[in-house]
Amino acid sequence: MSTQLSTPVNRQTVSALSQSKGEPAWLEELRIKGAELAETLEWPTPEKVRISRWNLAAIGNHTSQTRISSVSELPSSASELAAGAQAGLVVQRNSTSVHSQLSAELAAKGVIFTDLETAAREHGDLVQKYLFQVVPQDENKLTALQSAIWNGGVFLYVPKNVEIELPLQALFYSDDAGAVFAPRVLLVAENHSRVTYVDNVVSEHGEGAESLAKQSIVEVIVKPGAHVRYATVHHMSANVIDLTVRRAVVENDGIIEWVIGDLHDGHTMSDTQSLLKGKGANSDAKVISIGTNSQQMSLTTGAVHFGRNTESSMVTRAVMKDQATAIINGITKIEKGATKSNGVQAEKVLMLSPKARGDANPILLIDEDDVKAGHAASVGQVNPEQVYYLMSRGISKKDAERLIIHGFLAPVVSEIPIDAVKEQLQRLLERKLEG
Amino acid sequence: MATQFKIDGLKAAIEGKDILKGINLEIKGGEVHAIMGPNGTGKSTLASALMGHPKYEVTDGEVILDGENLLEMGVDERARAGLFLGMQYPSEISGVTNSDFLRSAINARREEGKEISLIKFIRQMEGKMKELEMNPEFAHRYLNEGFSGGEKKRNEILQMMMLDPKIVVLDEIDSGLDIDALKIVANGVNAMRSEDRGFLIITHYQRLLNYIKPDFVHVMMQGRIVKSGGPELAERLENEGYDWVKDELGIVDETVGQV
Ligand SMILES: Nc1ncnc2c1ncn2[C@@H]1O[C@H](COP(=O)(O)OP(=O)(O)OP(=O)(O)O)[C@@H](O)[C@H]1O
Ligand SMILES: [Mg+2]
């Protein structure tokens, strides 16, 4: 199937793009390779959601934005989300990275935190070593295309033994629905390092904005003994299609924690996986989502166990309103040789409307005998007995339901590592639930 | 004015089955009434119908609390009007902490902008929990989730104490309580006895009534109050069972709603 993209993506256009950014030759070659692969590969085919019917061709045009010296120059809705970042902050607006800042203390320790374009120019060896290694270009049309057109993004490098207390933050902000919005994040945590990274993906397009297919890919490399916490909140407007692939490779005794708020208003494909390569590697994923109006969502979490004694836990909680649809997949795969591993998952969907749809699909693929694995999945409504109980204490029906819904989401919300993000998430939940 | 609570000719059905066949009962502020009766005779149905459980359909009668007809109100309005029901089987609600829940319940009784301050609330809650010898950690536990039977009952009493109701209905508050907990719960209830509060205590056991002295004891069978008396009635029931009541009244099957 060929898709007529809103902006042509081919050898000439991506070569020109790369040169306009002053990128090294190796990167230009990789972009060209991505463009060529994209011509033949197919879009991904997640379970029961035909994303190829979405307006995936609306990728926008490459635009540029002037840099800012302080987040206060952003519209207030965006600057609020970046306020209070002490350790470091990277801001992307539409197709361009406009701001990056890192505390002198962390810079002195060798931490690199900047947009990926700058990193490719200034730390080419490091970026070249890891880029496209976790999410290969040739997996499907999305991974190929994104590798050709990506912009801005983040590169975070944490040297060996460096432990970063405060979270590093990024803001991906789109206020031009006609601009390519394709951030790419590459995070490398060297041996025994420790870091928390949080990003916000937001848009402000106004009424009647054209469609925009936003593609983002996240690659995380967790070296032996390192511990990475990755928290992300997506909440763009309904005209935006959110295609996001996040993947971590975890080496011996490394830990990856994902906290994902898929609170986007438009169609969403969100795919988060941990590849537990090393022995003793550990992954914990928590996802919350709220579906409203006629949005369609495919939410996948996955853990692939290769190493011995590896552990994974995945929890997804989704609340579905209106005519929204969510297909929620949890995939635990335990490879031969991953003895003494343990993978657990739970997907729960709360339906608030008879027209909404929520499917929870736990999938266990186990090729090793000496392991533990567990799953739980449920789809249900707000329990009328619980509403009655709360009302019998004087709480109104509306407040009773709100308490129950927030309670349903609490196991994920309470895990958000940063209070400001937690509060922001609460506000978003409130908005999506009330709206 | 002391609280006046009057149930007049209350009939209720569930899933088309008539369960309550006309209940008449008057409770004044300061009084404690006990309802006893064999299993399946409609005691919990009475409690649920008073509270307004959506499954129970009131088919006749009136329930007046201080001049207001409770039956015209929603469940939450009845609670705010001063009715409290300590349930036989309290719900568990995951993700909602006991303290968030209780604070919402208190604030539901207050005007917007006049919510209880967090400090004041915490002080009150901690004080009441101490009286009930509850571990302070229960404030942060999810509502009734994983609570033992006795802990749930104690938590019902905590809510009663925090919400300061006018009419308290306790449905088998003593079931699942060990003897120490029974005393603690009874002390909690006794501390709440006052001229402007009336109690309706549903129980199977005289034991509870040793600690909470009732003014009146009623026996329920076949969805009606079939006999009323003073505390001595409870003692006789404890010693002799219900057969003599049935004989006296010519009742063969005391249950209601069974086919
Ligand atoms: N939700 C319900 N659905 C169907 N039948 C019900 C329901 N609730 C009560 N009943 C029936 O109504 C009758 C009275 O039940 P109720 O719970 O009021 O008895 P009770 O006197 O409280 O008994 P116990 O002493 O065992 O608590 C019983 O036959 C019971 O099965
Ligand atoms: Mg009962």
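What follows draws every value from the coordinates through simple rules; no lab data is involved. For clarity, every value in this text was computed on a predicted model and none was experimentally measured. We place every Cβ from the backbone using ideal geometry, glycine too, and count neighbours over all the protein chains shown.
Couple of notes before you dig in:
- Peptide B:86-92 is shielded by partner chain Cβ atoms: per residue, an average of 3 of them sit within 10 Å of its Cβ.
- Net charge contributed by nearby residues that have their C-beta within less than 13 Å of residue A:170 (K/R +1, D/E -1): 0
- Segment B:209-225 - phi-based ³J(HN,Hα) in whole Hz, Karplus 6.51/-1.76/1.60, Gly and Pro as x: 6, 5, 8, 10, 6, x, 8, 9, 10, 10, 10, 10, 8, 6, x, 9, 7
- Reported to the nearest whole Å, the Cα centre-to-centre distance from segment A:130-209 to segment A:273-288 is 19.
- Listed values for segment B:18-34 are Karplus-derived 3J(HN,Hα) couplings in whole Hz (6.51 cos²θ - 1.76 cosθ + 1.60, θ = phi - 60°), namely 6, 10, 8, 10, x, 9, 10, 7, 10, 10, 9, x, x, 8, 10, 10, 10, and x replaces Gly and Pro.
- Segment A:402-435 versus segment B:38-70: alpha-carbon centroid distance in Å: 37 Å
- Less than 5 angstrom separates the built amide H of residue A:218 from those of A:185, A:245, A:246, A:247, all sequence-distant by 5 or more or on a different chain.
- Above-threshold pairs, the threshold being 20 Å between Cα atoms, out of B:120/B:183; B:17/B:55; B:128/B:152; B:6/B:43; B:6/B:227; B:11/B:152: B:120/B:183; B:11/B:152
- Residue-averaged beta-carbon neighbours from other chains (10 angstrom radius) around A:404-413: 4
- About its Cα centre, segment A:11-278 has a charge dipole of approximately 420 debye under the convention of +1 per Lys or Arg Cβ and -1 per Asp or Glu Cβ, with nothing else charged.
- Net charge over other residues, Cβ less than 12 angstrom from the Cβ of residue A:251 (K, R count +1; D, E count -1): +1
- Loop trypsin sites (Lys or Arg not before Pro), segment A:116-219 (other Cβ atoms within 10 Å of the site Cβ: 12 or fewer; DSSP): none
- Sorted peptide list for A:215-223, A:38-46, criterion being average Cβ within 10 angstrom, highest first: A:215-223, A:38-46
- Cα convex hull volume per residue for chain A (Å³): 140 Å³
- With semi-axes defined as the square roots of five times the eigenvalues of the C-alpha gyration tensor, the equivalent ellipsoid of chain B measures 30, 21, 17 Å, largest first.
- Shielding by partners, peptide A:375-387 (average Cβ within 10 angstrom, other chains): 2
- Summing Lys and Arg as +1 and Asp and Glu as -1 over all other residues whose Cβ lies under 10 Å from the Cβ of residue B:187 gives a net charge of -1.
- Scalar couplings 3J(HN,Hα) for segment A:429-434, obtained by applying the Karplus form with A = 6.51, B = -1.76, C = 1.60 to θ = phi - 60°, are 4, 4, 5, 5, 6, 7 Hz; x denotes Gly and Pro.
- Peptides A:55-64, A:202-211 ordered by packing proxy, namely the average of other Cβ atoms within 10 Å per residue, highest first: A:55-64, A:202-211.
- Once backbone amide H atoms are built at 1.01 Å from N, residue A:300 has A:270, A:271, A:272, A:329 as its partners under 5 Å, excluding neighbours fewer than 5 places away on the same chain.
- Distance from the C-alpha centroid of segment A:323-373 to that of segment A:225-240: 20 Å, rounded to the whole angstrom.
- Dipole check for segment A:294-410: with +1 at the C-beta of Lys and Arg, -1 at the C-beta of Asp and Glu, and the Cα centre as origin, the magnitude is about 440 Debye.
- Dividing the summed helix terms, -39500 (n - 2.57) for each DSSP H run of n ≥ 4, by the number of residues in chain A produces a 222 nm estimate of -7000 deg cm²/dmol to the nearest 500.
- Dipole of the protein assembly as shown, positive end: most advanced residue of A:339, B:34, B:9 [Cβ charges, Cα centre]: A:339
- Computed magnitude of the charge dipole of the protein assembly as shown (debye, nearest 20; Cβ of K, R +1, Cβ of D, E -1): 840 debye
- Spacing of the modelled spin labels on residue A:322 and residue A:385, each 7 Å from Cα toward Cβ, amounts to 3.3 nm.
- Lysines whose Cα lies under 21 Å from that of residue A:141, excluding same-chain neighbours fewer than 8 positions away: A:33, A:48, A:214
- Amide H contacts of residue B:200: B:33, B:168, B:169, B:170, each under 5 Å away and 5 or more positions distant or on a separate chain (H built 1.01 Å from N in the peptide plane; Pro and chain starts excluded).
- Scoring A:74-80, A:96-102 by mean Cβ neighbours within 10 Å over their residues and listing the highest first yields A:96-102, A:74-80.
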